[in-house]
Amino acid sequence: MRILVYRADSAIDLWAGDLRAALPQADIVTWREGEAPGHCDYAVLWAPTPAVLEALSEVKAIFLMGAGADAILKHRDALPSAPIVRVGDAGMGIQMAEYVTHAVLRYYRRFEDYEKQARRGIWQSLPLPPKEDFTVGVLGAGALGSRVLAALAPFGFPLRAWSRTPKRIDGVECFNGRAELDAFLRGTRVLVCMLPLTPDTANLLDRANLSKLPQGAYLINVARGAHVAEPDLLTLIRSGHIAGATLDVFRHEPLPAPHPFWEEPRITMTPHISGTTVRGESIIQIVGKIDALERGETVADVVDRNRGY
Ligand code: NAP
Ligand code: GLV
């Protein structure tokens, strides 16, 4: 069995090495620009260029090194017909739960304000917002969104989720589809974006939709930068309608040096680390799925090209 490995950064060799260790009987080859890889049975990759995809016309399946499929699906014209299989949680859910829980509690318990007070030598307790008004609304209730909702449940915040299809989640008020988006947003104090980036969800968090959040709302974006209309978010933060944002993802990454977000103290930023791929767990998942496919079985986490996720 021949498996092609591709990603643009130096982690390509770590992936190839770990795949060789996990599949000693397989021939693991890395794709380099300008080289013809020859026939491959499977590909394991991240953010391929069209040139990489053109070399994969015969593979039986393409495994992504992450959860989001947007970076491959954007090359629609170059996509081979093989199924595209993404990582399903594999250690990302717990990281997302840590990240989002921290951000929600930081806003609720007013740690931002205490940090400012401490720098000014002020010793003063601050009132908390009523918990019943501090509704956390999660956009996307899939593998990662549902893990975050479960992590938030013990704290007692009212929880709500928005998905494409109807859902029932214990202790969570569920909304679905565009028809229910306004109602979802109007009652959400902390908006957490955990959606895949698709033609339907790009720019969803624009001025019109962010304005539907109540005055003093917060945004936590751990999905993709292109969900947010960045100038609109800045406008609403500067007007005070949005009290603060925690952003892990940006339209252009790394965030360019002259960017107004760097100057805005009410925006907390991290460099796309909310849910990093755990290579070991992901490779176990990929190897299990290759075995299943070789036995003629179906596998989970196949990307639906029409839905875009
Ligand atoms: P998933 O299991 O496919 O879940 C996606 C959720 O979004 C589902 O609940 C789905 O609804 C909902 N959804 C999709 N399109 C929608 C629409 N048009 N309207 C309403 N809801 C919609 O994906 P996941 O594994 O949770 O990952 C979600 C995203 O997180 C990834 O695509 C990736 O972009 C991002 N991510 C970011 C990081 C990071 O480090 N920042 C790490 C990993 C992943 P249904 O349930 O009805 O299908
Ligand atoms: C990371 O952003 C992923 O989609 O796995």
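The values are calculated or read from the model by the stated rules, or taken from the named source; none is laboratory data. All values reported here derive from a predicted model rather than from experimental measurement. Don't worry about glycine lacking a Cβ; one is built from the backbone with ideal geometry, like all the others, and counts go over all protein chains shown. Heads up: the accessible areas ignore ligands, DNA and RNA and are worked out on the full protein's heavy atoms, side chains in. Shrake-Rupley method; radii C 1.70, N 1.55, O 1.52, S 1.80 Å.
A few comments on the model shown:
- There is no residue in the stretch 31-44 that is open to solvent by 10 Å² or more (accessible area, probe 1.4 Å) and touching a residue at least 60 places away in the same chain (Cβ under 8 Å).
- Inclusion of residue 54 among residues that are open to solvent by 80 Å² or more (accessible area, probe 1.4 Å), in the same structural domain as residue 194 (by TED's automatic domain parsing) and more than 16 Å from ligand 2 (Cβ to nearest atom) is not warranted.
- One residue stands out among those in the stretch 239-258 that are part of a loop (DSSP other than H, G, I, E, B) and without any contact (Cβ under 8 Å) to a residue 12 or more places away in the chain: the one that is least open to solvent (accessible area, probe 1.4 Å), which is 256.
- Unmet criterion (only one of (1) closer than 20 Å to residue 290 by Cβ; (2) in contact with a Pro (Cβ under 6 Å, 6 or more places away or on another chain); (3) open to solvent by less than 50 Å² (accessible area, probe 1.4 Å)) for residue 78: (1)
- Subset of the stretch 267-301 [of a type in the set (Gly, Ala, Ser) and open to solvent by less than 50 Å² (accessible area, probe 1.4 Å)]: 274, 275, 280, 282, 288, 292
- Residues in the stretch 260-309 that are more than 11 Å from ligand 1 (Cβ to nearest atom), farther than 26 Å from residue 16 by Cβ and basic (Lys, Arg): 266, 305.
A quick yes/no check of all residues on (1) of a type in the set (Asp, Glu); (2) crowded, with 19+ Cβ neighbours inside 10 Å; (3) within 27 Å of residue 89 (Cβ to Cβ); (4) in contact with a Gly (Cβ under 8 Å, 6 or more places away or on another chain):
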{"position": "129", "(1), (2), (3), (4)": "no, no, no, no"}
{"position": "140", "(1), (2), (3), (4)": "no, yes, yes, no"}
{"position": "143", "(1), (2), (3), (4)": "no, yes, yes, yes"}
{"position": "150", "(1), (2), (3), (4)": "no, no, yes, no"}
{"position": "177", "(1), (2), (3), (4)": "no, no, yes, no"}
{"position": "186", "(1), (2), (3), (4)": "no, no, no, no"}
